[in-house]
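We did not get these values from a lab; they are worked out from the coordinates using the rules stated. Everything numeric here is computed off the predicted structure, so don't read it as measured data. All Cβ positions, glycine included, derive from the backbone under ideal geometry; neighbour counts span all protein chains shown.
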Amino acid sequence: MPAIDLLDLVRQAENVMDYYVQHADGAEDLQCARGCYYCCHQFVAATAAEVFLLAGRLKTQGRHHWARGRIRGFHHRMGDVRDRKEWHAKQLPCPFLINHECSIYSQRPLACRGLFSFDRKRCEETAADTGARVKYWREPMDQVADLQVRLGFAIDRGYGPRAVPICLFTGLELVLGDVEGYAQKFEDGEDLFAAARERALIMVFDDEPDKLAQIRERIDANAAAQDQIQTGQ
């Protein structure tokens, strides 16, 4: 697995996120409850460290083959979507959503831990693609963004362009095939998540082409610098 202190950072981030949601002002007005699943039809971005931590947990529980099979089925049904709008139009539930409940709830990624709503009816209407706008609780979403940036900085010190958030499902499908083997490759400097990173970039910045181009340029520059460091040039 990636350096243990990196995985510990993710665990600490999870604890910070959960504590924040439980104690922050406004929590008493949230409409989220067990069995409410309308937000579980969205694209999910995560850091590489989150992917490895979740994959390791699933492997420890003996659920890695089951999880990979569900993700493969999800990707087959999803097809070759080109942007977030097409992803939403498919209206496919998260592969870990079973009988309207999250089957990995205690291990869910930061993006899921920080998504809360004050209006369940709006969530239902949005899931039905009626054009309604959900009033999400902005503060925990900002907290997640901050935590992911901090994780990104930590990863960037050793992993260069691989610090950019990736598509959770694309990354997991790969890593679950050989958790320890891919973790070692990641430690050795191999860029495992190019496809997962590209999908995340398209989904997040599909309506900001200039920003997307800038991020790609930065990734290429960081990758070149990292290659020089590894080769000693």
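Close amide-amide hydrogen proximity is noted between PHE118 and GLN31, LYS135, TRP137, each under 5 Å apart and 5 or more residues distant or on a separate chain (H modeled in the peptide plane; Pro and chain starts excluded).
Ordering THR47, THR126, THR60 by the number of other Cβ atoms within 10 Å of each residue's own Cβ, fewest first, gives THR60, THR126, THR47. Taking H as built 1.01 Å from N, whose amide H comes closer than 5 Å to the amide H of ILE98, not counting residues under 5 places away? Sorted by chain and number, the residues that satisfy this are SER103. In terms of its C-alpha gyration tensor, the range 1-120 has an oblate overall shape, because the principal axis ratio a/c (a ≥ b ≥ c, square roots of the eigenvalues) is not below 1.5 and a/b does not outweigh b/c. Cross-link partners of LYS211 among lysines, defined as those whose alpha carbon lies under 29 angstrom from its own and excluding same-chain residues fewer than eight positions apart: LYS85, LYS90, LYS135. Name the shape class, rounded, prolate or oblate, that the alpha-carbon gyration tensor gives for the range 5-75, where a ≥ b ≥ c are the square roots of its eigenvalues, rounded holds for a/c under 1.5, and otherwise prolate holds if a/b is larger than b/c and oblate otherwise. The shape class here is oblate. A crude spin-label estimate for the pair ARG34 and ARG57, with each label 7 Å from Cα along the Cβ direction, gives 1.8 nm.
Residues HIS76, HIS41 in ascending order of nearby Cβ atoms (within 10 Å, fewest first): HIS76, HIS41.
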